[in-house]
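The values are calculated or read from the model by the stated rules, or taken from the named source; none is laboratory data. Worth saying up front: this structure is predicted, and the values here are computed from it rather than measured. A quick note on method: Cβ atoms are made from the backbone with ideal geometry, for glycine too, and the neighbour counts reach across all protein chains shown.
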Amino acid sequence: MDIEKLQQFLQDNNLPKFRLGQIQKAIFADGVSSFGEITTLSKDLREKMENEMRLLSFDVEKVLVANDGQSIKALLKLHSGDLIETVLISPKPGVWSACISCQVGCAMGCRFCATGKMGFKRDLTAEEITDQILFWRQYLKKNFKSFQNSKFEIQNYNVGNIVYMGMGEPFNNWENVAESIKVLTDEKLFGFGSRSISVSTSGIADGIERMATEFPQVNLAISLHFASDEKRDRFMPVNKKDNLENLRQALKKYFQITTRKVFLEYIMLDGINDTALDAKLLADFIYSIGNTHLLHMNLIRYNMTSEDLKPSSKTRTQLFKQELEKHSINATIRKSLGEEIEAACGQLAGKN
Ligand code: SAH
Ligand code: SF4
């Protein structure tokens, strides 16, 4: 929803100021799916709004619900014709996390990532980013009743957490991502707490430092995936610009400014980064940063996007976790949600 356009509309139609708050509440807090549902407004005004404005900056092409009801994926067609995707995941009953995109495609070219294979198309505007959350609010509200009577344990229709882990690299579109965070945390608009938002980066060092100063309360996740420069270079071109040493320095500076926990993401690739030696290198890297109590390792199942890479088995993943524990590093194995609807980064939009 374009807020400036809404303000302009109210001005052009000589509407009193209190209307703005009323309309914003209906759209952002209540999740109405059309202006027609804002019954506190006159019928004429509602019709005029329907004709002159749009609630969302895209059309919904497809919504796929996984059989277990724990993940829902939407393919969205922007007015430019580009496709993006957003995923809603329920890690536990009653809790919804929305995974949102910030670019069409991505320039970083990580070899295991479907979005990376698409290349970079364009940045999303702040409105296109925040509208993904608006869409999920509307979707959950509309489907709440039918879900309640089904096997899905849906107890509320509010998105609880937001993660910038869809398509795109947030620090390559920082201006719009920063603006979107401001809109999402604006109490008069979405009203999310900073701590319920997480930004994930492939490891752009100056972006990490910028996050610390601009949004010290927003969670940071770093897609580390490899603890040797030789391997990281091979799979993540970002490492040629910002290698592990740069990342280490950036994280040290981050912890000088904020003492929020940082999540280190590590996708488990069979025979590539899941050996005892990899675990040792990873532990060494973590200790070299310092503040180990603020670093949390997430071991993530790789969703296959390429024939030459395979996910590590459950056993190998467990062994890797034990190896880390030998070095006194704790890690969480992240359940892979929504593989059947191809809920991993960029997999659906890339097919169309
Ligand atoms: N560009 C940012 C955020 C989007 S990617 C980043 O790279 O962090 C979100 C997460 O999905 C990253 O940790 C990324 O490495 C991971 N990812 C990409 N492709 C994946 C795949 N095929 N299986 C599992 N995780 C994947
Ligand atoms: Fe881009 Fe992230 Fe995919 Fe790498 S993993 S290509 S940075 S979206």
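Working only within the stretch 43-61, note down all residues that are among the polar types (S, T, N, Q) and surrounded by 10 or more Cβ atoms within 10 Å (Cβ to Cβ).
Residue satisfying the conditions is 57 alone.
Just the residues that are surrounded by 14 or more Cβ atoms within 10 Å (Cβ to Cβ) and touching a strand residue (DSSP E or B) at 6+ places or on another chain (Cβ under 9 Å), please, taken from the stretch 314-335.
Result: 316, 317, 320, 321, 324, 329, 331, 333, 334.
Conditions tested, residue by residue: (1) polar (S, T, N, Q); (2) crowded, with 21+ Cβ neighbours inside 10 Å.
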| site | (1), (2) |
| --- | --- |
| 198 | yes, no |
| 205 | no, yes |
| 211 | no, yes |
| 220 | no, yes |
| 226 | no, yes |
| 232 | no, yes |
| 237 | no, no |
| 241 | no, no |
| 245 | no, no |
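Select from the stretch 107-127 the residues that are within 16 Å of ligand 2 (Cβ to nearest atom) and acidic (Asp, Glu) and list them in ascending order.
123
Can you tell me which residue is nearest to residue 139 (Cα to Cα) among those in the stretch 34-68 that are hydroxyl-bearing (Ser, Thr, Tyr) and at pLDDT 95 or above? I'd like the intermediate steps shown before the answer.
Just the residues of the stretch 34-68 that are hydroxyl-bearing (Ser, Thr, Tyr), to begin with: 34, 39-40, 42, 57.
Then keep just the ones that are at pLDDT 95 or above; that gives 34, 57.
Details: 34: 12, 57: 15 Å.
So, considering only residues that are hydroxyl-bearing (Ser, Thr, Tyr) and at pLDDT 95 or above, the one nearest to residue 139 (Cα to Cα) is 34.
Within the stretch 199-219, work out how many residues are over 16 Å from residue 126 (Cβ atoms) and more than 10 Å from ligand 1 (Cβ to nearest atom).
Counting residues in the stretch 199-219 that are over 16 Å from residue 126 (Cβ atoms) and more than 10 Å from ligand 1 (Cβ to nearest atom) gives 12.
Taking strands (runs of 3 or more DSSP E) that do not extend beyond the stretch 53-128, which have at least 1 residues that are under 21 Å from residue 144 (Cβ atoms)?
It comes to 58-65, 71-78, 83-89, 97-99.
Does the stretch 159-186 hold any residues that are of a type in the set (Ser, Thr, Tyr) and either assigned to a loop (DSSP other than H, G, I, E, B) or in contact (Cβ under 8 Å) with a residue 40 or more places away in the chain (or both), and which are they?
164, 180
What's the number of the condition residue 96 fails, among (1) buried (at least 17 other Cβ atoms within 10 Å of the Cβ); (2) over 19 Å from residue 137 (Cβ atoms); (3) aromatic (Phe, Trp, Tyr)?
All conditions are met except number (2).
One residue is enough: does the stretch 277-290 have a residue meeting the conditions more than 12 Å from ligand 1 (Cβ to nearest atom), under 19 Å from residue 247 (Cα atoms), surrounded by fewer than 20 Cβ atoms within 10 Å (Cβ to Cβ) and at pLDDT below 95?
Checked the stretch 277-290: at least one residue is more than 12 Å from ligand 1 (Cβ to nearest atom), under 19 Å from residue 247 (Cα atoms), surrounded by fewer than 20 Cβ atoms within 10 Å (Cβ to Cβ) and at pLDDT below 95.
Among the residues of the stretch 36-60, how many are of a type in the set (S, T, N, Q) and over 18 Å from residue 11 (Cβ atoms)?
3
Does any residue in the stretch 106-120 that is of a type in the set (Val, Ile, Thr) come within less than 6 Å, Cβ to Cβ, of a residue that is within 10 Å of ligand 1 (Cβ to nearest atom) and assigned to a loop (DSSP other than H, G, I, E, B) six or more places away or on a different chain, and which pairs are these?
Matching pairs, first to second residue: 115/106; 115/167; 115/345; 115/346.
Looking at 121, 182, 117 in this structure, which one is within 16 Å of ligand 1 (Cβ to nearest atom), modelled with pLDDT of 95 or more and of a type in the set (D, E, K, R)?
Exactly one residue qualifies, and that residue is 121.
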